[in-house]
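Report on the structure given below.
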């Protein structure tokens with residue numbers, strides 16, 4: 001049995017499916033960026049989208065986001081070392097991002113966070129007086145969001161299930177966010193089209209994703225810490241994310257990295273240094289001794305995109 005490294009114990013190559021065509025333009029013409037068997041990272045020669053093949057089957061992909069994703073023993077390959085332990089840093093990050101978010105939502109408006117995880121963004125927005133709602137398919141992490149915000153505020157399941165269960169009508173929300181979500185979704189077009197129908201006239205979409213075209217990504221190559229092949233199915237850049245949004249009926253208003261940084265612990269920095277190789281990992285290891293110290297880091301290899309539905 002050929003187990004796939006870094007994934008749930010029973011995941012094998014048999015749980016993967018080859019991806020023959022580009023999700024964005026449908027072309028089969030592509031070049032290899034690099035390979036880490038059984039996965040390859042490839043770039044479409046027509047539109048430039050970078051994506052992973054093969055991909056986990058739907059059943060295997062669902063298992064990726066279990067409890068051991070949020071507290072992973074191999075966070076360099078999958079998930080987080082301890083997501084809940086960093087709660088204060090996520091809250092601090094989203095409070096800093098309020099400077100951007102406030103430009104696109106008025107006080108007391110209705111907000112939906114798709115892929116809300118433990119609900120940290122929603123907690124910050126609720127403290128600002130907004131009517132907040134979240135959707136999270138991973139039950140282990142959604143439990144915290146439900147405990148903090150209430151079962152009436154957080155739906156555990158996917159977006160289509162939430163729309164049906166909650167009875168959300170077109171134009172229900174003034175702001176919809178997807179923070180570090182779109183690269184995880186096998187069919188991002190379907191999700192974005194659902195999001196478009198839920199936006200009220202004049203509403204905004206904010207999404208964050210990694211930027212494979214950034215200097216940091218290009219410099220690090222295959223050592224870039226966002227190359228996690230089971231979960232990060234696509235690697236967008238400003239050109240390909242604009243095209244994706246246009247295909248789904250959005251006009252992109254701005255793309256930038258200014259607010260895409262995060263507060264991280266020194267423990268987190270030590271963990272990510274291990275992705276760069278054995279020597280960087282060893283040099284950074286002492287940082288774990290002062291792991292509770294944190295700082296704001298922005299290597300500008302992620303982007304926040306603001307868009308609106310085409311008129």
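Kindly list the number of the only condition in (1) surrounded by fewer than 19 Cβ atoms within 10 Å (Cβ to Cβ); (2) within 22 Å of residue 229 (Cβ to Cβ) that fails for residue 165.
With (1) surrounded by fewer than 19 Cβ atoms within 10 Å (Cβ to Cβ); (2) within 22 Å of residue 229 (Cβ to Cβ) applied to residue 165, the lone miss is (2).
Taking the stated definitions as given, is residue 212 more than 22 Å from residue 103 (Cα to Cα), assigned to a loop (DSSP other than H, G, I, E, B) and out of contact with any helix residue (DSSP H, G or I) (no Cβ under 6 Å at 6 or more places or on another chain)? Break it down stepwise before answering.
Details: more than 22 Å from residue 103 (Cα to Cα): yes; assigned to a loop (DSSP other than H, G, I, E, B): yes; out of contact with any helix residue (DSSP H, G or I) (no Cβ under 6 Å at 6 or more places or on another chain): yes.
When the stated conditions are applied, residue 212 passes them.
Which residue out of 175, 192 is under 26 Å from residue 80 (Cβ atoms), buried (at least 22 other Cβ atoms within 10 Å of the Cβ) and touching a strand residue (DSSP E or B) at 6+ places or on another chain (Cβ under 6 Å)?
Details: 192 fails: touching a strand residue (DSSP E or B) at 6+ places or on another chain (Cβ under 6 Å).
Sole residue among the options that is under 26 Å from residue 80 (Cβ atoms), buried (at least 22 other Cβ atoms within 10 Å of the Cβ) and touching a strand residue (DSSP E or B) at 6+ places or on another chain (Cβ under 6 Å): 175.
List every residue pair whose Cβ atoms lie under 7 Å apart, where the two residues are 6 or more positions apart in sequence or sit on different chains, the first residue falls within the range 1-29 and is closer than 19 Å to residue 228 by Cα, and the second residue, located anywhere, is at pLDDT below 75 and loosely packed, with under 11 Cβ neighbours inside 10 Å.
Here the result reads 12/1; 12/2; 13/2, each pair linking the range 1-29 to a residue that is at pLDDT below 75 and loosely packed, with under 11 Cβ neighbours inside 10 Å.
Where residues in the range 48-61 are out of contact with any strand residue (DSSP E or B) (no Cβ under 6 Å at 6 or more places or on another chain) and surrounded by fewer than 17 Cβ atoms within 10 Å (Cβ to Cβ), which of them is farthest from residue 234 (Cα to Cα)?
The extreme case among them is 59.
The values are calculated or read from the model by the stated rules, or taken from the named source; none is laboratory data. The shown structure was predicted, so the numbers you read here are calculated from the model rather than taken from an experiment. When we count neighbours, we look across all protein chains shown, and the Cβ atoms used for this are built from the backbone with ideal geometry, even at glycine.
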